[in-house]
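Encoded as structure tokens, the structure appears first; notes follow it.
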Amino acid sequence: MSIRNRRRKQEVPELDITAFLNLMVVLIPFLLISAVFTQVTVIELNMPPPSDDPQQEEKDKKEKLDLEVIIRAESIEIHGGKAGLISRYKMEEGTFDYAVISGKLQALKSRYAEETTSMILLEPEINYDTLVQVMDTVRLYEIDEDSGLIQAELFPDISIGDAPALKKGK
């Protein structure tokens, strides 16, 4: 018998994947059980729209609040566009009193009920947690009713930018 005949008679061995399948049967449930399911919340932020008509812009500014909340290292300032500085809240014991700020924003909302836009301007050294808390304070407030807490909108259309430089003497 020649060498060629021996090679033809040899059978091709079958691929044994039993061990691999056993590993998958154990590994897949383990990964599914240990996976952390998270909920991601996204707040849509907008840039202020450009205006082509300067006269229309002047009319809008007279009727609008143009709310600006400026977050500084030691204070939070609420500005009303042409009205200028409305109020300033100093940091006390390393934190801001967001309930008082929310009360002021609620009073502004009662005067300007149709207004939904606001700008949050912050200095570069402001931490992310402070920004999120201010955004939550500007966006909505909670009302305690018999059926539980109800959230009401204040100024939900938020734009973010850099705070203007602090003038000396302030």
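Nothing in this text is a laboratory measurement; each read-out follows from the coordinates by a stated rule. All values reported here derive from a predicted model rather than from experimental measurement. A quick note on method: Cβ atoms are made from the backbone with ideal geometry, for glycine too, and the neighbour counts reach across all protein chains shown.
Things worth noting here:
- Each of MET91, MET135 was scored by other Cβ atoms within 10 Å of its Cβ. Listed from fewest to most, they are MET91, MET135.
- At R0 = 25 Å, FRET efficiency that the Cβ-Cβ distance of ASP97 and ALA165 yields, to 0.05: 0.45
- Additional length obtainable on full extension of the chain from GLN133 to LYS82, 0.36 nm per residue less Cα span: 15.8 nm
- Neighbour-count ranking [beta-carbon atoms within 10 angstrom, fewest first] of PHE30, PHE155: PHE30, PHE155
- Note on ALA35 and LEU149: their simple-model spin labels are 3.1 nm apart, each label 7 Å out from Cα toward Cβ.
- Of the residues LEU31, LEU131, LEU121, LEU15, the one with the fewest other Cβ atoms within 10 Å heads the list, and the complete ranking is LEU15, LEU31, LEU131, LEU121.
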